[in-house]
Structure formats: C-alpha cells, structure tokens
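Working notes, beginning with the structure itself.
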Amino acid sequence: MNPIPADWALTTTHLASEYVSRQFCSIVGVMPKVLPPPELDVVLLMACSNLARRLTDAYLNPVTINFDMVQYSDALHIQETGINPRHEQSLLERFPPVGQLMLEWPTVVLDKFGLIVLWYLPGVINETIQSISRTAAKKEKWHTHESNFRTSEHSLTPGCINPSPGWFLQGHPAPKFHPEILATLKQDGSTICQAIQRPVVLAATALRVMHGGLYWSSLTTQLGLGLWADNNQFKDMGNCLRQWVSSFTVLAVMCNHCSPLHRDSQSLAQ
C-alpha cells in the first residue's frame with residue numbers, strides 16, 4: 001500500500017524506489033524477479049533499471065580501507081565546529097588519511113569492520129537526464145554562482161542545486177521560527193521541481209537501497225510536515241510539498257540519528 005497522498009509527486013518517487021529496491025534484491029538473489037510499474041514513464045523506468053544494476057554492481061564489488069568510522073564518530077565533539085586547530089590536528093594524527101584509492105567501476109567502500117562508507121556509482125544519471133535538469137540551475141544567486149566553484153576538468157557545469165521545501169532556520173527556537181520554503185522555490189518552484197524531477201527521483205530511490213531507515217524516516221517527516229502545513233494553513237508550503245519529488249530534505253539530516261552530528265555550532269543533537 002502506497003502511504004503517499006495520490007496528488008503528491010512523491011508518489012512517483014515511492015513507486016520508483018519500491019521497484020529499484022525489489023529489483024536490487026532480485027539481482028542480488030534474495031527475492032524473485034519483479035515487473036516494472038506501468039505508472040513510470042519510459043525514460044524514468046530505464047533510468048531506474050540502470051540504477052538497480054549499478055547499485056548491485058557496486059554492492060558486489062566491495063573495497064575495504066583501514067579506517068574505523070565508529071571510532072572516528074565517537075572522537076568528534078558534540079556540536080563540532082571544525083575550526084579548532086588543536087582538535088583537528090589530533091583527529092588527523094589519530095585517523096591519518098587513507099592512501100589514494102582509484103575507483104573505476106561501481107563500488108562500495110567499507111571501513112575495516114564492514115560498514116559502508118561510500119557508494120561509488122558512475123553513470124547512474126545519464127546525459128539526457130542531466131541536460132534536462134540543468135535548466136533548473138540557470139537562475140543563479142550569489143551563493144550558487146559558478147565563479148564560486150572550481151572549473152571542472154570533466155566538462156561539468158560548476159555550481160550546486162540545493163532546493164528544499166522545509167528549510168529550518170537553525171539556532172532559533174520554535175514557534176517564532178518555523179520551517180520555510182526556500183526562496184528560490186517561492187519564486188519558481190513548479191518549474192524547478194519539473195526540471196529536476198528525474199535526477200531527484202533517482203537520488204531518493206538510491207537512498208531507499210543505501211539507507212532504508214533514513215528513507216522511511218524521511219517519508220514520515222515529510223508527511224508530517226505536510227500535515228503541519230495544512231493544520232497551520234500554510235498553503236504555499238502545502239503546494240510545494242505536493243510538487244516535491246524527493247524524500248530527502250534538510251529535515252532528513254536532522255532525523256538521521258545513525259550519522260555523526262554534522263559540523264554546525266548552532267545545531268543541537270536531535
């Protein structure tokens with residue numbers, strides 16, 4: 001049963017994630033084969049099938065490094081700032097950089113106890129989908145202007161895309177401050193959501209396989225945010241959430257109890 005309201009774009013994401021996760025398990029050999037959902041368009045369906053294969057290839061091609069992620073996480077201070085030279089030097093001495101690691105094929109990088117540190121998935125988002133999504137980045141603000149980024153050696157467009165329908169003003173207590181729609185989405189949210197739809201769906205779908213607990217937590221959080229917006233009559237946020245295709249927002253970071261606290265001196269442990 002699909003827990004997402006039928007009029008939410010997130011419904012497509014959930015269908016795609018269900019298909020990819022089952023297809024992944026099928027290829028690995030722990031589930032029978034599955035039929036693709038007819039609700040997905042051909043381009044997205046092919047991309048999802050490719051994603052499932054790439055995830056499987058990576059999962060079956062592990063590389064282990066001599067690093068203890070749990071011990072490293074424990075060594076970080078609460079509300080780590082990252083600007084204490086003495087502590088940073090101590091971390092560097094206790095956890096020296098691993099030697100250069102060249103990855104050419106889909107791979108999962110594991111720490112010495114088998115925890116997945118990195119999924120390397122080249123070729124997951126094809127050029128067709130990339131070219132469509134680039135149109136969403138044409139309106140540049142000062143903080144995303146290409147002059148702030150290094151020139152790519154691989155013909156990539158410098159910049160970043162970081163839209164979220166529920167960006168919380170960190171370091172400020174509720175209820176005076178509450179989740180807000182990103183300013184960019186307030187101006188042209190519908191166009192942006194349409195332009196980035198397929199790559200965002202693929203990213204959220206990959207999250208379903210990589211970190212299922214966070215995926216479901218993200219869905220719960222987003223549905224709760226939608227209910228909160230409806231109860232408080234924030235129609236703009238409700239409309240934005242209906243068009244938002246990703247299960248992953250900044251709220252998901254706050255809900256991810258399994259990850260080390262991100263380095264933000266204004267943030268409290270969730």
### Task
Can you grab the distance from the C-alpha centre of region 32-77 to the C-alpha centre of region 199-241, Å, no decimals?
20
### Message
Suppose the chain between W216 and S90 were pulled fully straight at 0.36 nm per residue; how much longer would it get relative to their current alpha carbon spacing?
### Response
41.7 nm
### Task
Set the Förster radius R0 to 41 Å, insert the Cβ-Cβ distance between L76 and R22 as r into 1/(1 + (r/R0)^6), and round the FRET efficiency to 0.05.
0.70
### Task
Give the long-range amide H neighbours of V63: residues separated by 5 or more places, or on another chain, with amide H under 5 Å away, using H modelled in the peptide plane at 1.01 Å from N.
V108, V109, L110
### Query
Relative to the present Cα-Cα distance, how much length would full extension add between L118 and D230 at 0.36 nm per residue of separation?
36.6 nm
### Query
So how far apart, in nm, are the two label points at V42 and V63 if each is 7 Å from Cα heading toward Cβ?
3.7
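Every number in this text was worked out from the coordinates using simple rules, so none of it is lab data. In this text, all values refer to a predicted model and were calculated from it rather than measured experimentally. When we count neighbours, we look across all protein chains shown, and the Cβ atoms used for this are built from the backbone with ideal geometry, even at glycine.
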